[in-house]
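What follows is a set of notes on a single structure, which appears directly below.
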Ligand SMILES: Cc1cc2nc3c(=O)[nH]c(=O)nc-3n(C[C@H](O)[C@H](O)[C@H](O)COP(=O)(O)OP(=O)(O)OC[C@H]3O[C@@H](n4cnc5c(N)ncnc54)[C@H](O)[C@@H]3O)c2cc1C
């Protein structure tokens, strides 16, 4: 008997789809992926790479560690990060600050909680990668790396995307210590407050990241490191950066090295693309904004995608793809918002779309 729904991917979109599908008695099978160093991908998605997540609703600061440990199965506690050493002073954001030290939920914790919630409703999980799909007939086939095919009436693709990085060893060493690929996610973290910052890239999203940082409360200077002598960004976006009083563009420049102390970024070595000369730039953080790569290699030629490889939703406000019975959720189909909450939202939508499709088709 074919599965009713196979969900591919284990980020917020995948788990959210699983929770909704499981509660609708669709008995979902979720393929969570494996750790892949070739493409920097691990089960539990992109949030598993980060520390504090301060903008996912329902997880205000406070000491939630006891809750996290009580909610997640004992055999996965090893995966939970240690409680970070936060500054002694309490943050005066609301009355909670008087009774609880700052402790935001960590990315891995949030993802383990999502996974646990899906397990609570009996989602079945396979730890493997999907390497191909066959969507030519009404019953679709999902091929796993171990060679097993899985037959299913519907598929939810929730394989996410990955940030493109510069590829420097020093960049790798300072990830989560001042190097980030998401200003909206990390820009407001206390570690960046009041410090000069750098954004690397010259496209629309780099300008968006730079203006976001420059408009934050307590923003200092934001340097944009641009490889050429002009932006790739549209004129309107470029003007926004050039005219912003807190943004300075360093043209014809690349980052040669990220420098810092034991804990944090303190500056960058900037290399001129004109004469290879190196100069120092004092910054407290570097935001890399040179694009993302959606995890859609295994779908090539099977579904309609845009030129950057993102799956295209084919109906407004629905998660349908170009193939009937195949749905997409999260960053794999969204090159614009790219947030955990929006991914979880479209994961929910995809499960509801599947449920209605199966009902319409009379598949029980
Ligand atoms: C460092 C960092 C910090 C971030 N911080 C925040 C934040 O604070 N707040 C916020 O809202 N957002 C943040 N984001 C963005 C957020 O993580 C993403 O928007 C969100 O995780 C996207 O969820 P997703 O479910 O679409 O996919 P992903 O989280 O990308 O997960 C998809 C997963 O699917 C699996 N997969 C991929 N291909 C296959 C395959 N072929 N077979 C099987 N499985 C596969 C992999 O395990 C992959 O990790 C951050 C991102 C990064 C990189």
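In table form, for the structure just shown:
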{"quantity": "Selection count, the range 286-304, where residues are more than 11 Å from the ligand (Cβ to nearest atom), crowded, with 20+ Cβ neighbours inside 10 Å and more than 19 Å from the chain's Cα centre (by Cα)", "calculated": "2"}
{"quantity": "Residue in the range 14-32 that is crowded, with 20+ Cβ neighbours inside 10 Å, within 10 Å of the ligand (Cβ to nearest atom) and in a strand (DSSP E or B) present", "calculated": "yes"}
{"quantity": "Close pairs from the range 4-18: first farther than 9 Å from residue 160 by Cβ and touching a residue at least 40 places away in the same chain (Cβ under 8 Å), partner assigned to a strand (DSSP E or B) and near the ligand (Cβ under 6 Å from one of its atoms), Cβ under 6 Å, at least 6 apart", "calculated": "8/31; 8/130"}
{"quantity": "Of all residues in the range 194-227 being assigned to a loop (DSSP other than H, G, I, E, B) and within 16 Å of the ligand (Cβ to nearest atom), the one that is farthest from the chain's Cα centre (by Cα)", "calculated": "216"}
{"quantity": "Test: residue 344 is assigned by TED's automatic domain parsing to the domain that holds residue 56, under 16 Å from the mean Cα position of the chain (by Cα) and either over 22 Å from residue 46 (Cα atoms) or buried (at least 19 other Cβ atoms within 10 Å of the Cβ) (or both)", "calculated": "yes"}
{"quantity": "Residue that is nearest to the ligand (Cβ to nearest atom), among those in the range 305-335 that are within 12 Å of the chain's Cα centre (by Cα) and assigned to a loop (DSSP other than H, G, I, E, B)", "calculated": "334"}
{"quantity": "Per-region count, the range 52-62, residues buried (at least 19 other Cβ atoms within 10 Å of the Cβ) and at pLDDT below 85", "calculated": "2"}
{"quantity": "When residues of the range 41-82 are limited to those that are part of a loop (DSSP other than H, G, I, E, B), more than 22 Å from the chain's Cα centre (by Cα) and away from the ligand (no atom under 16 Å from the Cβ), the one nearest to residue 330 (Cα to Cα)", "calculated": "73"}
{"quantity": "Matching entry among 358, 268 (being under 29 Å from residue 151 (Cβ atoms) and either in contact with a helix residue (DSSP H, G or I) (Cβ under 9 Å, 6 or more places away or on another chain) or surrounded by 15 or more Cβ atoms within 10 Å (Cβ to Cβ) (or both))", "calculated": "358"}
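The values are calculated or read from the model by the stated rules, or taken from the named source; none is laboratory data. In this text the structure is predicted, and so the values were computed from the model without any measurement. A quick note on method: Cβ atoms are made from the backbone with ideal geometry, for glycine too, and the neighbour counts reach across all protein chains shown.
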